[in-house]
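In what follows, a single structure is set out as structure tokens and then discussed.
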Amino acid sequence: MAYVVAEPCIRCKYTDCVEVCPVDCFYEGPNFLVIHPEECIDCGACEPACPTKAIFPEESLPAKWTSYVALNAELSKTWPNLADKKDPLAEADKWKDVEDKAQYLER
């Protein structure tokens, strides 16, 4: 089972998780990150590194975010790989604790 990036990442895009990933399985969209499920080695290094607590083992993903399993798989096939830490989005701190952000996901 892979790890999954869920809704709390939207409009934040902190990349602390990318920095600790040993296999470079993160992919970057305009305002969200995803994990490629076939590249993730299930090491768990990314989960505690995420400032928004947006990363979950697939089996522990809250039910309200189960659609993010398919979303990570889909978008990781088209978005570019991200292997190095970058600055978060300019308003990340403002959006960090906002809930119900799915409508803001940019593809």
Restricted to the stretch 28-52 and to residues being among the aliphatic types (A, V, I, L, M) and in a loop (DSSP other than H, G, I, E, B), the residue farthest from residue 90 (Cα to Cα) is 41
Inside the stretch 83-107, the number of residues satisfying the requirement of being over 11 Å from residue 8 (Cα atoms) and among the basic types (Lys, Arg) is 4
State all residues of the stretch 59-82 that are more than 13 Å from the chain's Cα centre (by Cα) and not in a helix (DSSP H, G or I); if no residue qualifies, say none. 62, 66, 77, 78, 80
Do you know which residues across the stretch 91-106 are surrounded by 11 or more Cβ atoms within 10 Å (Cβ to Cβ), part of a loop (DSSP other than H, G, I, E, B) and either at pLDDT below 95 or over 15 Å from the mean Cα position of the chain (by Cα) (or both)? 91, 98
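Here is a yes/no grid of residues against (1) of a type in the set (A, V, I, L, M); (2) out of contact with any Asp or Glu (no Cβ under 6 Å at 6 or more places or on another chain); (3) touching a residue at least 60 places away in the same chain (Cβ under 8 Å); (4) on the phi > 0 side of the Ramachandran plot:
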site	(1), (2), (3), (4)
26	no, yes, no, no
31	no, no, yes, no
35	yes, yes, no, no
40	no, yes, no, no
49	yes, no, no, no
53	no, yes, no, yes
63	yes, yes, no, no
67	no, yes, no, no
Check whether at least one residue in the stretch 4-20 is β-branched (Val, Ile, Thr), part of a helix (DSSP H, G or I) and buried (at least 20 other Cβ atoms within 10 Å of the Cβ), and report yes or no. yes
Can you say whether residue 74 is of a type in the set (D, E, K, R), under 10 Å from residue 4 (Cβ atoms), modelled with pLDDT of 95 or more and surrounded by 12 or more Cβ atoms within 10 Å (Cβ to Cβ), as far as the supplied structure shows? no
Let me spell it out: the conditions are (1) farther than 23 Å from residue 92 by Cβ; (2) surrounded by fewer than 17 Cβ atoms within 10 Å (Cβ to Cβ); (3) of a type outside the set (Val, Ile, Thr), and residue 58 meets all of them except one. Which number is the exception? (2)
Which numbered condition residue 56 misses (of (1) in contact with a helix residue (DSSP H, G or I) (Cβ under 9 Å, 6 or more places away or on another chain); (2) part of a loop (DSSP other than H, G, I, E, B)): (2)
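The values are calculated or read from the model by the stated rules, or taken from the named source; none is laboratory data. Every value quoted in this text rests on a predicted model; they were computed, and no experiment measured them. Cβ atoms come from the backbone with ideal geometry, glycine included; neighbour counts cover every protein chain shown.
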